[in-house]
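Report on one structure; see the data block that follows.
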Amino acid sequence: MVDTYDVVVIGGGPAGYPAALRAAQNGLKVACVDAWKNRDGSNALGGTCLNAGCIPSKALLESSELVYRAQHEFAVHGINTAGVSVDLAAMQKRRATIVRNMTAGIGSLFKAGGVTPIFATGRLLANHRVEVNADDGAKSEILARHVILASGSVPTELKSLPFDHQVILDSWDALELPAVPPKLCVIGAGVIGLELGSVWRRLGSQVVILEALDNFLAIADQQLASEAARHFKKQGLDIRLGAKVTAAKVTAGSVTVSYTDKKGEQSLLVDKVIVAVGRKPYTHNLLAADCGVALDERGFIQVDEHCHTAAENVWAVGDCVRGPMLAHKGKEEGLAVADRIAGRYAHVNYDVIPSVLYTAPEIAWVGQTEEQVKASGVDYKVGVFPFAASGRARAMEASAGFAKIIAARASDTLLGVHIVGPMAGELIAEATLAMEFQGTTEDLQRTIHAHPTLAESLHEAALAADKRAIDIMNR
Ligand SMILES: Cc1cc2nc3c(=O)[nH]c(=O)nc-3n(C[C@H](O)[C@H](O)[C@H](O)COP(=O)(O)OP(=O)(O)OC[C@H]3O[C@@H](n4cnc5c(N)ncnc54)[C@H](O)[C@@H]3O)c2cc1C
């Protein structure tokens with residue numbers, strides 16, 4: 001007899017597993033089919049985010065930041081750290097333990113929540129049937145009233161530099177390096193390239209980041225981007241803009257990367273190359289020809305604004321559909337779909353999705369950049385508050401950067417909030433909440449912020465937008 005479920009989720013990453021749990025909370029019978037394989041051949045829930053993305057990268061960013069601070073910043077606190085050294089094996093073990101505990105945690109949540117995990121590759125057939133292909137080659141079918149596709153994404157490969165996973169690395173390889181490469185080239189100065197470049201720079205690599213675009217962090221507010229670039233340069237990250245990689249030649253464990261820039265042909269001899277030029281949706285072997293689900297020209301699963309595909313009762317969420325490739329965006333889509341299936345109201349506000357780079361200083365934003373607001377023609381005002389004027393940031397010896405608020409002049413509504421500085425990734429939550437509630441600078445101005453906190457910087461930036469800041473001069 002064919003196993004039948006109310007909902008089958010294909011993919012157990014941060015879009016798929018919350019969808020499965022929420023569907024079960026809604027009283028539905030749920031299975032989650034996941035094909036993730038660790039490098040040692042073991043299965044794990046959590047997808048890219050927990051196994052090879054968000055979590056392991058943050059573990060290494062934290063460890064390497066402590067090393068950097070001990071070496072460069074503790075002395076000013078009067079702490080003598082002579083002789084600080086790095087035990088990379090211990091650092092990597094900690095990273096692996098965090099990942100293992102977190103992914104095992106999803107298994108426990110599934111057990112407690114009544115979700116059936118199926119470690120296999122799922123393929124959507126016509127009429128809500130899902131073919132389950134086990135590792136040992138066994139094939140079976142399950143039937144669902146609804147199917148949620150959450151198959152995620154994989155790193156984009158450059159034709160001129162195919163991954164060999166030894167010298168030419170993808171982001172996952174770069175998180176599991178057993179030794180610090182003396183010379184490292186990162187291709188792509190996006191979020192992943194900057195985070196990975198920061199990790200290995202802090203641990204001692206000489207890092208060159210090659211970026212094809214002429215603008216640094218083109219997706220971010222440019223005032224924020226230039227402030228961040230200044231700090232990255234001070235940390236020794238050699239970021240070369242307008243550098244288009246043309247070829248790479250691997251010889252005896254090292255690699256020569258060729259690229260062109262304004263000055264012409266250039267080359268670089270390094271020990272390892274990390275290719276971080278973006279990710280592409282993963283739908284390999286996911287869809288039978290007659291399943292009714294369509295892909296767009298870039299390979300994303302086509303969905304409407306409710307994440308519904310062209311096939312009845314088939315939904316798709318996360319990195320495999322349009323929108324920013326972010327874990328929290330996928331999670332919200334997964335939850336919304338699971339609620340819609342249960343007949344509940346759900347809404348994903350695509351205009352208010354925060355972005356964070358966990359570099360030092362951290363970079364975070366929500367809403368529109370000043371460039372986007374300007375282009376929209378809306379009359380706007382800006383308030384900027386530097387962390388140098390924050391007592392808490394000074395006490396933390398972390399006074400680099402600023403908080404910037406952009407609001408519509410007529411309505412005072414917040415249009416965008418941009419932070420570069422200490423704990424920016426945490427601070428942006430307040431701005432996100434304010435924007436979700438269609439808040440104004442006045443709302444932030446009238447909200448009491450504890451003193452001394454970094455969050456006061458948002459309060460002061462909101463005041464600065466009306467030239468009423470207290471702790472800086474208003475211009
Ligand atoms: C180095 C790095 C750092 C990152 N840092 C952040 C961060 O700090 N914050 C953030 O928001 N995002 C971050 N991301 C992005 C984040 O990881 C992704 O946006 C997120 O994982 C997408 O979730 P998903 O569930 O859509 O897909 P995935 O996490 O990719 O999960 C998809 C799952 O589906 C499985 N699967 C695919 N096809 C099938 C099939 N046919 N049958 C069964 N299973 C299948 C896959 O094996 C996988 O387990 C980072 C990514 C990387 C690479």
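Shown is the FRET efficiency for Ala70 and Ala288, computed with R0 = 45 Å from the Cβ-Cβ distance and rounded to the nearest 0.05: 0.25.
Rounded to the nearest 5, what % of the DSSP beta bridges within the stretch 112-242 are antiparallel ones? Here the share of antiparallel DSSP bridges comes out near 55 percent. Diffusion of the chain by Stokes-Einstein, at 4 °C in a medium of 1.567 mPa s and with Rh set to the Kirkwood radius over alpha-carbon pairs, works out to 54 µm²/s. Classified by the C-alpha gyration tensor, the stretch 214-255 has an oblate form. Its axis ratio a/c, with a ≥ b ≥ c, is 1.5 or above, and a/b does not exceed b/c.
For the stretch 309-443, the carbon plus sulfur part of the accessible surface works out to 51%, probe radius 1.4 Å.
Along the chain, the exposed loop sites are chymotrypsin sites (Phe, Trp or Tyr not before Pro) outside DSSP states H, G, I, E and B with at most 13 other Cβ atoms within 10 Å, and the longest stretch free of them is 1-344. Partner lysines whose Cα lies under 26 Å from the Cα of Lys139, excluding those fewer than 8 positions away in the same chain, are identified as Lys29, Lys37, Lys111.
With the charge dipole of the chain set up from +1 on Lys and Arg Cβ and -1 on Asp and Glu Cβ about the Cα centre, the Cα lying farthest toward the positive end among the listed residues Leu458, Val314, Val352 is that of Leu458.
Rounded to the nearest whole Hz, the Karplus-based 3J(HN,Hα) values (6.51 cos²θ - 1.76 cosθ + 1.60, θ = phi - 60°) of the stretch 106-117 follow the sequence 5, x, 5, 5, 4, 4, 5, x, x, 8, 8, x, with x at glycine and proline.
Think of the chain as a dipole: +1 on every Lys or Arg Cβ, -1 on every Asp or Glu Cβ, centred on the Cα centre; then among Thr156, Gly41, Leu61, Leu61 lies furthest on the positive end. The residues of the stretch 330-475 expose, per residue, 46 Å² of accessible area to a 1.4 Å probe. From largest to smallest, the equivalent ellipsoid semi-axes obtained for the stretch 251-371 from the alpha-carbon gyration tensor read 37, 22, 13 Å. Restricting the GluC sites (Glu not before Pro) of the stretch 254-333 to loop positions (DSSP other than H, G, I, E, B) with no more than 15 neighbouring Cβ atoms within 10 Å leaves Glu297, Glu305, Glu312.
Rounded to the nearest 20 debye, the dipole magnitude of the stretch 32-147 is 200 debye, with +1 charges on Lys and Arg beta carbons, -1 on Asp and Glu beta carbons, and the Cα centre as origin. Taking the dipole about the Cα centre of the chain, with the C-beta of Lys and Arg at +1 and of Asp and Glu at -1, give me whichever of Gly107, Ser258, Leu143 is farthest to the positive side. Going by the Cα projections, it comes out as Ser258. A convex hull fitted around the alpha carbon atoms of the stretch 303-461 yields 129 Å³ per residue. Full extension of the chain between Leu143 and Leu269 gives 40.0 nm of extra length, using 0.36 nm per residue less the Cα-Cα distance. The trypsin sites (Lys or Arg not before Pro) of the stretch 244-277 meeting both criteria, a DSSP state outside H, G, I, E and B (loop) and at most 10 other C-beta atoms within 10 angstrom of the site's C-beta, are Lys262, Lys263. Stretching Glu62 away from Ala96 to a fully extended chain increases their span by 10.9 nm, per 0.36 nm per residue minus the current alpha-carbon distance.
The values are calculated or read from the model by the stated rules, or taken from the named source; none is laboratory data. Every value quoted in this text rests on a predicted model; they were computed, and no experiment measured them. Please note: Cβ atoms are built from the backbone with ideal geometry, for glycine as well, and neighbour counts cover all protein chains shown. Side chains included, ligands, DNA and RNA excluded: accessible areas come from the protein's heavy atoms. Shrake-Rupley method; radii C 1.70, N 1.55, O 1.52, S 1.80 Å.
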